[in-house]
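The structure appears right after this line, and notes come after that.
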Amino acid sequence: MTQQHGHKWMKSYRKLIDSQISYLKYSGFGSIDSGSSAFLTSAYFVYKIWILTTMYIFAITVFADIYVNRDNLSISTDGGCIFAGIFVIIYKAMNYQFREKRIRILLDDILKCIDNLCEFSEVEYIKELIDKYYKRQRIIIGGFSALGFTLTIVLLLFSPMETGLPIRAQYPFNTTASPSHEIGFTIEACAISGGLLGLLGIDGISSVICVLLTQLFDMLNANFENCTNENHEHVRSDAFEYFDHLPDWFSGCCGKTRSAERADQIVIDLRHSKQVGGQNSDIIKFGIYLSAGISQLFYICWIGNELSYMVRISQILTPELTPFS
């Protein structure tokens, strides 16, 4: 969880960030609090291994089904869409496992810098800026959460069960008979629900970091236009010196291949949509795929361009202090 002793203006924002961290915790992608008992720590480690294992098993069985039915274009494109999605989730999950500590440090440092700006800011406009970014981020996160929840329900409950399971996959046992059916369904349910929840958490944290950086530059710009005393000048200089290393941290932690991954998934969705005809469940399912992919790609471009714009504005306002070229 984020530190709770920050500035009062950021209290609601911290709760929103904690909700994204909770997504990661419940999905098995994150980690529990350091003060937890040895039993809870061990239990969570087993849970993490179970979720990651089910995702790997699910990906392998889906790929095996694609290979077995490689001559059937409809089945192979359907499976290809599912495989692309689970592959992206596995990639991001493993990337987050290795970079979780750095991401937490980066997030805490940004929040600490915002708290410091709030402390010396005498402009009421700063509070309005924070509220504006918070409300927008809450709507975006709520929208993607609703979309992810709907996709999970559609995949698990409304997909045609051709092999006795929601998603076609090749298992080394008969999935239409009990208890093999229950085993296969449990694997798919854990992989899909845990994977999508973790994806929401990872993408949520990544977008929050980017939006917080944009908000911080916006706050700096507002203070630069109103600061007159030496204390503000000193803090301004320290803030830009601090920002000198943030772009590399953010790029290394959260910014790898996001657009390429989402573009690949959209291409697969578009190819498969041509194969769908007269199957209402498939139309709904891949309509959600396509809307999720396009909306996320649009949002990534939006917040990235917004951050770039704020950096340029800061360069114009304080060219002698801005470390970015």
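A short reminder: the numbers here are calculations on the coordinates, not readings from a lab. Worth saying up front: this structure is predicted, and the values here are computed from it rather than measured. Please note: Cβ atoms are built from the backbone with ideal geometry, for glycine as well, and neighbour counts cover all protein chains shown.
In the range 118-206, which GluC sites (Glu not before Pro) fall in coil by DSSP and have 13 or fewer other Cβ atoms within 10 Å? Those that pass, being in a loop and sparsely packed, are GLU122, GLU162. Restricting the calculation to alpha carbons of the range 1-76 gives Rg and Dmax of 19.5, 61 angstrom. On the beta carbon distance between SER34 and ASN116, with R0 = 22 Å, the FRET formula returns roughly 0.30.
Compared with the direct C-alpha span, the chain from TYR125 to PHE298 gains 59.5 nm at full extension, assuming 0.36 nm per residue. If R0 is 51 Å, the Cβ-Cβ spacing of ASN72 and TYR26 corresponds to a FRET efficiency of close to 0.90. Counted residue by residue at 0.36 nm each, then reduced by the alpha carbon distance between them, the extension gain from GLN97 to TRP50 reaches 15.5 nm.
When TYR26, TYR67 are sorted by how many other C-beta atoms sit within 10 angstrom of their C-beta, beginning with the fewest, the order is TYR67, TYR26.
Arranged from fewest to most other beta-carbon atoms within 10 Å of their beta carbon, SER19, SER145, SER37 become SER37, SER19, SER145. Residue order for VAL208, VAL154, fewest other beta carbons within 10 angstrom first, comes to VAL154, VAL208.
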